[in-house]
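Structure first, commentary second.
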Amino acid sequence: MDLSPVSAEMRHAKLRAATEHTTVGQVVATDDGRVTIDCACGMVLSNGPTWSLDEHIRLHRAEARFLALAAVAPAGIPRLVDWPLR
């Protein structure tokens, strides 16, 4: 029985998400007053009327980690969110 706290598959999923969702380039100020930065995944992250660029970056990374880990989680593990997503 493997007693390690996290499986290799889950460690790799977390690392893959971190690698695929890093910010790249420089923050750019747009003409409409927003600030943006590119993510390695191709999405442009920005501030908005009620959130900061930092909040968007943190949410984006958290969602990426969730999706990556949820996809490789052991079958039958109890979840807060129905999986797969519909």
Exercise for review: Compute the acute angle (0 to 90°) between the alpha-carbon long axis of helix 8-20 and the principal axis of greatest extent of the alpha-carbon atoms of the chain; round to the nearest 10°.
Suggested key: 10
Check your understanding: Which value in Å is the Kirkwood Rh of the chain over different Cα pairs?
Key -> 14.8
Revision key, fill the gap. For the chain, the percent of accessible surface on carbon and sulfur atoms (probe 1.4 angstrom, ligands and nucleic acids excluded) is 59
**Study point:** Helix 53-72 axis, angle to the chain major axis (alpha carbon atoms, nearest 10°)
**Key:** 20
Review point. If you roll a 1.4 Å probe over the heavy atoms of the protein chains, what accessible area per residue do you get for the chain, in Å²?
Key: 76
Exercise for review: For the stretch 22-48 and the stretch 65-84, compute the distance between their C-alpha centroids and round to whole Å.
Suggested key: 29
Practice item. Identify the residues of the stretch 24-53 with backbone N under 13 Å of a label point that sits 7 angstrom from the Cα of L59 along the Cα-to-Cβ direction, or state none. Key: 45-53
Practice item. Kindly report, to the nearest 10 Å², the accessible surface of E9 as traced by a 1.4 Å probe over protein heavy atoms only. Key: 110
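The values are calculated or read from the model by the stated rules, or taken from the named source; none is laboratory data. Model, not experiment: these values are computed from the prediction. Reconstructed Cβ throughout: ideal geometry from the backbone, glycine too, with neighbour counts over all protein chains shown. Surface areas here come from the heavy atoms of the whole protein model, side chains and all, with no ligands, DNA or RNA. Shrake-Rupley method; radii C 1.70, N 1.55, O 1.52, S 1.80 Å.
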